[in-house]
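The structure appears below as structure tokens.
A short reminder: the numbers here are calculations on the coordinates, not readings from a lab. Since the structure is predicted, the reported quantities are computational estimates derived from the model, not experimental observations. Note that we place each Cβ from the backbone using ideal geometry, even for glycine, and neighbour counts take in every protein chain shown.
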Amino acid sequence: MKLYKVYRCVMMLLAATIVLSQLATAQSTVLTVKADKPGVAIQPNMWGIFFEDINFAADGGIYAELVKNRSFEFYEPLMGWKEAREGSATGGILIQNLSTTRPSNPRHASISWNAATGVYSLTNEGFRGMGIKKDLQYNFSLWAKTEGNVKLKIELLNASGASIGSTTISISGNEWKKHTASFTASATEPKGKLRISFEGKGSLDADMISLFPNDTWKNRPGGLRADLVQLLADLKPGFIRFPGGCIVEGHELDTRYQWKKTVGQVENRELIVNRWNTEFKHRSAPDYYQTFGLGFFEYFQLAEDIGADPLPIINCGMACQFNTSEVVPLNQLDPYLQDALDLIEFANGSTDTKWGKLRADMGHPAPFNLKMMGVGNEQWGEQYVERYKIFASAIKAKYPGIKIITSAGPSPDGPLFEYLNPILRSLNVDFIDEHYYRSPEWFLKNASRYDTYDRKGPNIFAGEYAAHTEKKVQPENKNNWESALAEAAFMTGLERNADVVQMASYAPLFAHVEGWQWTPDLIWFDNLRSFGTPNYYVQKLFSLNKGTNVLSITTGNETIAGKNGLYASAVADNNTKDVIIKVVNTGDKEQSVVIEVPGVKKASAAGTLTVIRSANAEDVNTLDNPFNVKPVEQAISLKGKSIKTVLPAGSVSIIKVKAL
């Protein structure tokens, strides 16, 4: 009797265990990944970056020059400079304009002074100040000529005006010559200034007054800011699109981006006003210009440095249609066409060619291996179609291997898109560039956008996208977790459809915390510090885990694109033998999932789970708290051919196991 009771208790416990197990499984969502049936190939350059000189991204940002208005070419020639006279010293500046003999850099300063007693000086304020680092070497230079012999004192000042590093430089000779001096800063200062003091009595013609830190990217003189480039390199981007979007068009054609004016010797590059200078009244930046110290050679070099394919965009004879809508008549397009053809020669041509030789003279004899270029930015209407046809005909005739990116207009829907999209498809273009600056809700609803696109039609380049938490171009837009989570959900749809969507890039890329015009942006910085936003980390997770082939991932034979707040994609990486699963839980509750991976040849029990999440949708990263929202990695085990895990509320999870 006692044995029977024990037996009955054991059976009841076993039954209860089975029931509990069944209930647990019933409460878990089962995701099935067909790892043994690799699908379409994912392009190696699938996830890239979009660079535009907006928000002081170039001058005052990634271009490490610290002096603002170094060649006195701003509309106000002394903007950024301030004269000072102490004691009985006198002095003054006359701006000379030699436009007939020096059209690319016509202005210079003629400075005269009498400082036998007292001090006459010029101080440059930099770009919202100068970021100075203790014990770092700074390299000063200027082009100058003088009738006698003069001596200058070069100083770095802190925010209080105290000297934190200095040197002297002697100048003689009445022919233009570059003079240099280096010195070390004695303190760190985010709001530093440069002061030039003129000793004794004398006169001097000066131009291209410059100051660079010595710790530029790859220690190149006159180079790029290392911390900002490193953030880009860490993304391992497949491509870099440059020089941007609206920058290409210009407010009017006179201020369009002309790549030939951005190459060659830096002192001969022609400065122009930045079109974001006064674009938005709420963020006017009258001191925003383009010196082109970061020009097309440097863009190609940057792409090569970080292992990205170069993707230049060229003007097609149309200015910004939101501004002036200027167009070049079709019978006057030849200079624009020639610019496109010459750019390909500059990038890929033999050193025996005119533009290939210039590339070599600038220090890069080997070709840059350009494979693609964009014709126009956000153009629309029949005027764009007419010009695209002419450009495509000329480019393909001479360089048939170059892929051409075409514009689908500024929006992913509406009359402009509906006009252009069918026409571009009928022309069998290489790529259609679609842009999306919409609400987080739009991104969630459109995660299946490309599921029904024509597989035999043109490839899609998701060239500019970002979730805007407020209305477009509002200062209140933030790079918060809500926006990043919605973008991640949308990106699973891009990845699932990698046979159609072959490239994608978030935009804009950079923003100075005191000099921005547009929000949100991927990377923020001040004069000394920088940080990646939650959106940056989402981009990084996708880019570093892109794989080589798409895998089917379903629940109940349905694509995972919004049901119960879940979005998912999966890839195989034939190089590392990994199966990589990306699951986004946009819901406000955690969800248990069982991921079945049938058909795997050999599965390792060990894998990794990387999760990025935040309990508060409004959470952001800041300069003072740069890792408030960041990915966290942990070990995960695969039992048999399934993985059990919990997806936190409001999270992006990357599951990686060796199973091929």
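Brief remarks follow.
- Net charge in the neighbourhood of residue 45 (other residues with Cβ under 10 Å of its Cβ; Lys, Arg +1, Asp, Glu -1) is +1.
- Viscosity 1.306 mPa s, temperature 10 °C, Stokes-Einstein D of the stretch 55-157 from Kirkwood C-alpha radius, µm²/s: 101
- Pairwise centroid distance, computed over Cα atoms, of the stretch 293-327 with the stretch 52-67, Å: 15
- Cross-link partners for residue 177 among the aspartates and glutamates, with Cα-Cα distance under 15 Å and sequence neighbours closer than 8 places in the same chain left out: 147, 205, 207, 267.
- Comparing Cα centroids, the stretch 165-233 and the stretch 77-143 end up 12 angstrom apart.
- Evaluated at q = 0.11, 0.16, 0.20 Å⁻¹, a Debye calculation over the C-alpha positions of the stretch 250-352 (equal weights, vacuum) places log10 I(q)/I(0) at -0.41, -0.85, -1.19.
- Think of each Lys and Arg Cβ as +1 and each Asp and Glu Cβ as -1; about the Cα centre, that makes the dipole of the chain roughly 2380 debye.
- Which of 364, 468 has the fewest Cβ neighbours within 10 Å, and the rest in rising order: 364, 468
- Leading residue at positive end of dipole, the chain (Cβ point charges), from 74, 313, 502: 502
- Distance between the C-alpha centres of the stretch 434-461 and the stretch 478-507: 9 Å, rounded to the whole angstrom.
- Taking Cα atoms only, the orientation of helix 381-398 departs from the longest principal axis of the chain by about 80 degrees.
- Cross-link pairs 354/403; 153/261; 37/639 - those with Cα-Cα distance over 27 Å: 153/261
- Principal-axis analysis of the Cα atoms of the chain puts helix 415-426 at an angle of about 80° to the longest axis.
- Cα-Cα over 29 Å, subset of 582/641; 193/357; 389/478; 34/445: 193/357; 389/478
- Each of 79, 372, 503 has some number of other Cβ atoms within 10 Å of its Cβ, and from fewest to most they run 79, 372, 503.
- Counting every pair of alpha carbons in the stretch 70-122, the share spaced more than 17 Å apart comes to 43 percent.
- Using alpha-carbon coordinates, inclination of helix 534-544 to the longest axis of the chain, degrees: 70
- Which of 369, 328, 340, positive extreme of dipole for the stretch 254-396 (C-beta unit charges): 328
- Counting beta carbons within 10 Å around each of 362, 491 and listing the fewest first gives the order 362, 491.
- Convex hull volume per residue in cubic angstrom - Cα atoms of the stretch 572-660: 97
- The calculated P(r) of the chain, using every Cα pair and 20 Å bins from 0, goes 17, 45, 27, 8, 2, 0, 0 in percent.
- DSSP bridge pairs, the chain: antiparallel proportion in percent, nearest 5: 75
- Whole-percent P(r), the stretch 81-213, all Cα pairs, 10 Å bins from 0: 13, 42, 35, 10, 0.
- Inter-label distance for residue 96 and residue 514, nm, one decimal - labels placed 7 Å from Cα along Cα-to-Cβ: 3.4
- Relative to the Cα centre, the charge distribution of the stretch 81-213, modelled as +1 at Lys and Arg Cβ and -1 at Asp and Glu Cβ, gives a dipole magnitude of about 200 debye.
- The stretch 508-651 gives an Rg/Rh value of 1.02, both radii derived from C-alpha positions and Rh following Kirkwood.
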